[in-house]
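Novice: First the structure, which I've put down as C-alpha coordinates, then a few questions once you've had a look.
The values are calculated or read from the model by the stated rules, or taken from the named source; none is laboratory data. This one's a predicted model, so the numbers in the text were calculated from it and none came from an experiment. So basically every Cβ, Gly included, is an ideal-geometry build from the backbone, and we count neighbours across all protein chains shown.
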Amino acid sequence: MPVVIGERDIPVTARIFEHPLGAIETGTRDLNQVLSRLFNRDIRRVFVEGGPTLASEFIKQGLADEFLVYIAPVVIGGSQTATTDVGVETMADLPRLTITRVERLGDDVLLVARPQPSTENDR
(Lines give C-alpha, C1' and ligand atoms only; values in the text may rest on other atoms or scores of the structure.)
Protein backbone atom coordinates (compact mmCIF):
# COMPACT_ATOMS: atom_id res chain seq x y z
CA MET A 1 0.00 0.00 0.00
CA PRO A 2 1.49 3.37 -0.96
CA VAL A 3 2.13 5.85 1.84
CA VAL A 4 2.54 9.50 0.96
CA ILE A 5 4.75 11.38 3.40
CA GLY A 6 4.14 15.11 3.43
CA GLU A 7 1.83 17.87 4.48
CA ARG A 8 0.13 18.76 1.21
CA ASP A 9 -3.17 17.17 0.27
CA ILE A 10 -3.18 14.96 -2.80
CA PRO A 11 -6.03 15.47 -5.26
CA VAL A 12 -8.59 12.66 -5.01
CA THR A 13 -8.13 12.14 -8.75
CA ALA A 14 -4.43 11.27 -8.34
CA ARG A 15 -3.47 7.90 -9.81
CA ILE A 16 -1.96 6.76 -6.50
CA PHE A 17 -5.50 6.19 -5.21
CA GLU A 18 -6.02 3.63 -7.99
CA HIS A 19 -3.73 1.23 -6.11
CA PRO A 20 -5.72 -1.91 -5.23
CA LEU A 21 -5.02 -1.41 -1.51
CA GLY A 22 -5.66 2.32 -1.54
CA ALA A 23 -3.13 4.82 -0.20
CA ILE A 24 -2.29 6.45 3.10
CA GLU A 25 -1.68 10.20 3.36
CA THR A 26 0.34 11.00 6.48
CA GLY A 27 -0.21 14.76 6.69
CA THR A 28 3.23 15.13 8.25
CA ARG A 29 6.93 14.97 7.47
CA ASP A 30 7.81 13.68 10.94
CA LEU A 31 9.21 10.24 10.08
CA ASN A 32 9.00 8.88 13.62
CA GLN A 33 5.34 9.86 13.75
CA VAL A 34 4.72 8.29 10.33
CA LEU A 35 6.39 5.02 11.33
CA SER A 36 4.51 4.96 14.63
CA ARG A 37 1.19 5.39 12.82
CA LEU A 38 2.07 2.62 10.37
CA PHE A 39 3.11 0.35 13.24
CA ASN A 40 -0.27 0.99 14.89
CA ARG A 41 -1.87 -0.22 11.65
CA ASP A 42 0.19 -3.46 11.88
CA ILE A 43 2.51 -2.36 9.05
CA ARG A 44 5.96 -3.68 9.96
CA ARG A 45 7.94 -3.27 6.73
CA VAL A 46 8.28 -0.08 4.71
CA PHE A 47 9.92 0.17 1.31
CA VAL A 48 10.97 3.79 0.89
CA GLU A 49 10.78 4.81 -2.74
CA GLY A 50 11.07 8.54 -2.80
CA GLY A 51 13.42 11.22 -3.89
CA PRO A 52 16.84 12.05 -2.46
CA THR A 53 15.44 14.26 0.31
CA LEU A 54 13.22 11.54 1.80
CA ALA A 55 15.86 8.82 1.43
CA SER A 56 18.46 11.06 3.07
CA GLU A 57 16.21 11.78 6.05
CA PHE A 58 15.69 8.07 6.68
CA ILE A 59 19.47 7.58 6.61
CA LYS A 60 20.25 10.69 8.70
CA GLN A 61 17.77 9.65 11.40
CA GLY A 62 19.06 6.08 11.48
CA LEU A 63 15.72 4.67 10.34
CA ALA A 64 17.00 2.64 7.38
CA ASP A 65 17.83 -0.95 8.24
CA GLU A 66 18.41 -2.17 4.71
CA PHE A 67 19.56 -0.56 1.47
CA LEU A 68 18.74 -1.70 -2.05
CA VAL A 69 21.28 -0.08 -4.34
CA TYR A 70 20.77 -0.43 -8.07
CA ILE A 71 23.81 0.08 -10.29
CA ALA A 72 23.24 0.59 -13.98
CA PRO A 73 25.86 0.90 -16.73
CA VAL A 74 25.07 4.58 -17.32
CA VAL A 75 26.66 7.84 -16.26
CA ILE A 76 24.17 10.41 -14.99
CA GLY A 77 26.23 13.25 -13.52
CA GLY A 78 24.95 16.66 -12.52
CA SER A 79 22.44 17.13 -9.76
CA GLN A 80 20.80 13.71 -10.19
CA THR A 81 21.93 12.18 -6.90
CA ALA A 82 20.33 9.35 -4.95
CA THR A 83 20.80 11.11 -1.60
CA THR A 84 21.53 14.56 -0.26
CA ASP A 85 22.94 15.50 3.15
CA VAL A 86 22.88 12.43 5.42
CA GLY A 87 24.53 14.17 8.37
CA VAL A 88 28.11 13.12 7.70
CA GLU A 89 30.68 15.69 8.79
CA THR A 90 33.91 13.74 8.23
CA MET A 91 35.09 10.61 6.44
CA ALA A 92 35.28 8.91 9.84
CA ASP A 93 31.53 9.52 10.24
CA LEU A 94 30.59 7.72 7.04
CA PRO A 95 28.02 5.02 7.74
CA ARG A 96 29.44 1.62 6.85
CA LEU A 97 27.35 -1.06 5.19
CA THR A 98 27.67 -4.82 4.96
CA ILE A 99 26.66 -6.26 1.60
CA THR A 100 24.30 -9.19 2.14
CA ARG A 101 23.38 -9.97 -1.46
CA VAL A 102 24.45 -9.15 -5.00
CA GLU A 103 22.11 -9.92 -7.87
CA ARG A 104 22.48 -9.29 -11.57
CA LEU A 105 19.33 -7.96 -13.24
CA GLY A 106 20.07 -7.93 -16.96
CA ASP A 107 22.76 -5.25 -17.39
CA ASP A 108 22.03 -3.80 -13.93
CA VAL A 109 23.28 -4.96 -10.55
CA LEU A 110 21.35 -4.92 -7.27
CA LEU A 111 23.32 -4.67 -4.03
CA VAL A 112 21.45 -5.37 -0.82
CA ALA A 113 23.26 -4.05 2.25
CA ARG A 114 22.62 -3.46 5.95
CA PRO A 115 24.15 -0.78 8.15
CA GLN A 116 26.99 -1.96 10.34
CA PRO A 117 26.41 -1.29 14.02
CA SER A 118 28.43 1.70 15.19
CA THR A 119 30.76 1.33 18.13
CA GLU A 120 32.50 3.82 20.34
CA ASN A 121 35.77 2.90 18.59
CA ASP A 122 34.31 4.23 15.34
CA ARG A 123 34.08 7.72 16.75
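Novice: Name the single residue that is farthest from the chain's Cα centre (by Cα) among those in the range 77-104 being polar (S, T, N, Q) and modelled with pLDDT of 85 or more. Spell out the reasoning first.
Specialist: Here is the first cut: in the range 77-104, the ones polar (S, T, N, Q) are 79-81, 83-84, 90, 98, 100.
Still in the running and modelled with pLDDT of 85 or more: 90, 98, 100.
Values: Thr90: 22, Thr98: 17, Thr100: 17 Å.
Per the criteria, the residue is Thr90.
Novice: Return yes or no: is Thr53 surrounded by fewer than 13 Cβ atoms within 10 Å (Cβ to Cβ), under 15 Å from the mean Cα position of the chain (by Cα) and in a helix (DSSP H, G or I)? Lay out the reasoning, then the answer.
Specialist: On the way: surrounded by fewer than 13 Cβ atoms within 10 Å (Cβ to Cβ): yes; under 15 Å from the mean Cα position of the chain (by Cα): yes; in a helix (DSSP H, G or I): yes.
Criteria met by Thr53.
Novice: Taking the range 89-106 as the search range and keeping residues that are in a loop (DSSP other than H, G, I, E, B) and in contact with a strand residue (DSSP E or B) (Cβ under 9 Å, 6 or more places away or on another chain), which one is nearest to Gln61 (Cα to Cα)? Explain how you work it out, then say what you get.
Specialist: Step one: list which residues in the range 89-106 are in a loop (DSSP other than H, G, I, E, B), which gives 89-90, 94-96, 106.
Applying the additional criterion that residues be in contact with a strand residue (DSSP E or B) (Cβ under 9 Å, 6 or more places away or on another chain) yields 95-96.
Working: Pro95: 12, Arg96: 15 Å.
Here the answer is Pro95.
Novice: Please determine, by comparing only the residues of the range 62-101 that are touching a Leu at 6+ places or on another chain (Cβ under 8 Å) and either among the aromatic types (Phe, Trp, Tyr) or surrounded by 12 or more Cβ atoms within 10 Å (Cβ to Cβ) (or both), which one is nearest to Asn32 (Cα to Cα). Explain how you work it out, then say what you get.
Specialist: In the first step, residues of the range 62-101 are kept if they are touching a Leu at 6+ places or on another chain (Cβ under 8 Å); the result is 63, 67-71, 88, 99, 101.
From what's left, either among the aromatic types (Phe, Trp, Tyr) or surrounded by 12 or more Cβ atoms within 10 Å (Cβ to Cβ) (or both): 63, 67-71, 88.
Numbers: Leu63: 9, Phe67: 19, Leu68: 21, Val69: 24, Tyr70: 26, Ile71: 29, Val88: 20 Å.
Step by step, filter the range 62-101, then rank; the result is Leu63.
Novice: Something else now. Given (1) touching a strand residue (DSSP E or B) at 6+ places or on another chain (Cβ under 9 Å); (2) assigned by TED's automatic domain parsing to the domain that holds Val102, where does Val86 come up short, assuming only one miss?
Specialist: For Val86, the failing item is (1).
Novice: Out of Val86, Val109, report the one residue that is in a loop (DSSP other than H, G, I, E, B) and of a type in the set (A, V, I, L, M).
Specialist: Working: Val109 fails: in a loop (DSSP other than H, G, I, E, B).
Just a single option satisfies the conditions, and that option is Val86.
Novice: Next up: Which numbered condition in (1) aliphatic (A, V, I, L, M); (2) part of a loop (DSSP other than H, G, I, E, B); (3) within 13 Å of the chain's Cα centre (by Cα) is the only one that Val74 fails?
Specialist: Val74 satisfies every listed condition except (3).
Novice: Show the residue pairs that are 6+ apart or on different chains and have beta-carbon atoms under 7 Å apart, the first residue being within the range 35-58 and more than 17 Å from Ile16 (Cβ to Cβ) and modelled with pLDDT of 90 or more, the second being part of a helix (DSSP H, G or I) and aliphatic (A, V, I, L, M).
Specialist: Every condition considered, the pairs that remain are Glu57/Leu31; Phe58/Leu31.
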